[in-house]
Amino acid sequence: MNSNPSQPAGQRPTRPRRSVLYVPGGNERAIAKARTLDCDAVIFDLEDSVAPDAKSEARENLRTLLKQPLGGGRETIIRINPLASPWGAEDLLAARGLKPDAILIPKVDSPEAIAEVDDALDQTDAPDTLRLWAMIETPKGIMNAGQIARAARTPDCRLDCFVTGTNDIIKETGVAPLPGRPYLSTWLMEIVLAARAYGLDALDGVYNDFRDMEGFAAECAQGRAMGFDGKTLIHPGQIGTTNEAFGIDAAQLEEARAIVATFARPENARAGVISLDGRMVERLHAEMAEKLIAKADALAARASD
Ligand code: COA
Ligand code: MG
């Protein structure tokens, strides 16, 4: 495994990951369009959105069309097929060659699935900056989410982010895909909890009915309330709503700055708790405020990139 002392576990750099759009590797028009879109990250897909007969064509598409980086501060991620599948090894080589920010491993069931790809990348001397994202989308993946996230406890593991695969979870478990996701919520929360325990980001699953903006906005608000950092998307029309739902509004930012400034006053140097505008504010709130400010700074940096 690689060593990456600049990114100790739990202290990874803050990256805005509000809106993360899937783009099928087989769709040249959509790949071109992705360059023009205001999402925080793009996942170019070689897995579920590409038919078995079209896998090598999709790989070639990406090799040709992703020579120029996306720019605009957006992260580029390539989703490969599982290493055990007939396409996985070649996908990994192609993805590695495209120098993305991260490679997304589908259907991760265990920590070994991360180690396998991590080791394969080390053997090709991949740079430390190349990260791994993991799809949590199988019953075993959910049950083992804590152990999988634990792989990231060592600074030399490339794992950075969990991506929830709700369509696969629904397929594998038979749970009803109802509005408000009543029977999925427990599992989604387990994914968030496991990610938080080891300092990873966690992204919510997709909303298939891309013309239903009301239902989509409600699911974005729910995902944010559950603690997700952002949402994975299937259509450009979903980006604006997501950026807003997972963004930071001016009032929140102002309050965060006030909390940090108040604790920074000399008279509060030894205070564990203070009163601000009639509310109790503890040091833990100052920590939360600092994280929020870091996220706002990262968003501002992306906007000016
Ligand atoms: N990324 C980039 N551009 C996209 C896009 C995407 N995911 N989905 C649609 N577009 C583009 C279309 O190419 C079209 O571009 P144009 O203005 O140049 O013609 C425009 O957005 C409008 O598209 P629209 O006609 O509304 O949708 P569609 O019928 O072409 O596509 C889907 C609908 C669902 C097939 C398509 O959105 C899609 O493939 N999404 C991603 C699916 C995926 O990756 N699934 C795997 C992970 S769950
Ligand atoms: Mg899937």
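What follows is calculated from the coordinates using simple rules that are stated; it is not laboratory data. No experiment lies behind these values; they were computed from the predicted model shown. Methodologically, a virtual Cβ is constructed for each residue, glycine included, from the backbone with ideal geometry; neighbour enumeration extends over all protein chains shown.
Take every Cα pair under 8 Å whose residues are at least 6 apart in sequence, average their separation, divide by the length of the chain, and the relative contact order is 19 percent.
Treating r as the C-beta distance of GLU254 and ALA197 and R0 as 41 Å, the FRET efficiency rounds to 0.85. For the range 250-303, the direction-averaged projected area of the alpha-carbon convex hull comes to 3.8 nm².
Comparing ARG158, ARG15, ARG265, which has the greatest mean-square fluctuation in the GNM of the chain with Cα pairs linked when under 10 Å apart? Of the options given, ARG265 has the highest mean-square fluctuation.
Using θ = phi - 60° in the Karplus curve 6.51 cos²θ - 1.76 cosθ + 1.60, the 3J(HN,Hα) couplings for the range 53-63 round to 6, 9, 5, 6, 5, 5, 4, 5, 3, 5, 4 Hz; x is entered for Gly and Pro. So which residue, out of GLY230, GLY278, GLY215, gets the largest mean-square fluctuation from a GNM of the chain using Cα contacts under 10 Å as springs? Fluctuation is largest for GLY278.
Counted by neighbouring Cβ atoms within 10 Å, the residues SER185, SER110, SER49 run from fewest to most as SER185, SER110, SER49.
Histogrammed with a bin width of 10 Å, the alpha carbon distances of the range 73-186 distribute as 14, 45, 30, 11, 1 percent, first bin at zero. Pairs with C-alpha atoms separated by more than 26 Å, drawn from the list LYS55/LYS99; LYS67/LYS295; LYS231/LYS295, are LYS67/LYS295. For the range 250-303, the relative contact order is 39 percent, taking Cα pairs closer than 8 Å that sit 6 or more residues apart in sequence and dividing their mean separation by the residue count. Projected onto the charge dipole of the chain (+1 at Lys/Arg Cβ, -1 at Asp/Glu Cβ, origin at the Cα centre), which of PRO139, ALA296, ALA126 gives the Cα projection farthest towards the positive end? The one lying farthest along the dipole's positive direction is ALA296. Per-residue ellipticity at 222 nm, computed for the chain from helices alone with -39500 (n - 2.57) per DSSP H run of at least four residues, works out to -13000 deg cm²/dmol.
Each listed q (0.13 Å⁻¹) maps to a log10 I(q)/I(0) for the chain, found by the Debye formula over equal Cα scatterers with no solvent: -0.94. Stokes-Einstein diffusion for the range 180-305, with the hydrodynamic radius set to the Kirkwood value over Cα pairs and evaluated at 37 °C in a medium of 0.692 mPa s, equals 198 µm²/s. Taking label positions 7 Å along the Cα-Cβ direction at both GLU190 and SER85, the computed distance is 2.3 nm, reported to one decimal.
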